Amino acid sequence: MITGKIVGLRAIEREDLKQLKDWRNIEEFRRNFREHRELSMLNQENWYNKIFNSSNDYMFIIEQLSDKQALGACGLLYVNWINRSADFSFYIGYKGLYIDDEGLAEDACRLLINYGFNNLNLNKIWMELYEFDTKKLAFFIEKFKFKKDGVLRDNCFEGGQYYDSYIISLLRRDFHNG
């Protein structure tokens, strides 16, 4: 386990899949994810098998240190070993928080970013966020100094209209100098 001040990151186990499915099927969450359909246990098991067998995907359960309560999931996906970059995946599912104000998200993100830069030797951690995902955009830009790299215009169809996606990223040098 990778431990922080109040949370830890541990490997995802098969026993976590039902909880992950339930969190990922929260309607407010799902609209911010690239997967818009309701997920079944078979979908979740197929995802788990893909992640488990991949050398380019690192997913973790976010766990509260005090009581081992699962709080959410995070990971570094699609690792590009030549460019030393990865896609950042993150949410707090516990109590439907998504991103919290009590420090859980901040501690977990700091752990995962440190792991990416200091253990995997990544140079860039990036993510794609839809323009209506204002909570996550503000969190990563304000707390961790992610920068907007670009805009994918009309890249998401939600609720009968198109929205832009933002590609935001953090470079190792900016994280260590920040």
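The values are calculated or read from the model by the stated rules, or taken from the named source; none is laboratory data. Fair warning: this is a prediction, and the values are worked out from it, not measured in the lab. Cβ: placed from backbone, ideal geometry, glycine included. Neighbour counts: every protein chain shown.
Is it the case that Y98 is over 25 Å from A11 (Cα atoms), among the hydroxyl-bearing types (S, T, Y) and surrounded by 20 or more Cβ atoms within 10 Å (Cβ to Cβ)?
Answer is no for this residue.
Against the condition under 13 Å from the mean Cα position of the chain (by Cα) and within 20 Å of R172 (Cβ to Cβ), how does L112 come out, does it pass? Yes; evaluated as a whole, the condition is true for this residue. Do we find a residue being of a type in the set (D, E, K, R), at pLDDT 95 or above and within 16 Å of Y91 (Cα to Cα) anywhere in the range 147-165? Taking every residue of the range 147-165 in turn, none turns out to be of a type in the set (D, E, K, R), at pLDDT 95 or above and within 16 Å of Y91 (Cα to Cα). Within the range 165-178, the set of residues being over 17 Å from E106 (Cα atoms), exposed (fewer than 13 other Cβ atoms within 10 Å of the Cβ) and not basic (K, R) comprises N177 only. Residues considered: K135, K143, K148. Of these, the only one that is of a type outside the set (A, V, I, L, M, F, W, C) and more than 20 Å from F33 (Cα to Cα) is K143. Note on the range 116-141: residues that are assigned to a loop (DSSP other than H, G, I, E, B) and of a type outside the set (S, T, N, Q) total 5.
When Y162 is tested against the conditions (1) under 18 Å from the mean Cα position of the chain (by Cα); (2) surrounded by fewer than 17 Cβ atoms within 10 Å (Cβ to Cβ), the lone failure is (1). Being in contact with a strand residue (DSSP E or B) (Cβ under 8 Å, 6 or more places away or on another chain), free of Cβ contacts under 8 Å to residues at least 60 places away in the same chain and of a type outside the set (S, T, N, Q) is a property that does not hold for Y48. Considering (1) closer than 22 Å to R10 by Cβ; (2) of a type in the set (D, E); (3) crowded, with 18+ Cβ neighbours inside 10 Å, the lone condition that D133 does not fulfil carries the number (1).
As a summary of the residue check, D154 satisfies the conditions (1) over 24 Å from K21 (Cα atoms); (2) surrounded by 16 or more Cβ atoms within 10 Å (Cβ to Cβ) except for the one numbered (2). Total residues in the range 38-77 satisfying the condition of being over 16 Å from A108 (Cβ atoms), loosely packed, with under 13 Cβ neighbours inside 10 Å and of a type in the set (S, T, Y): the figure is 2.
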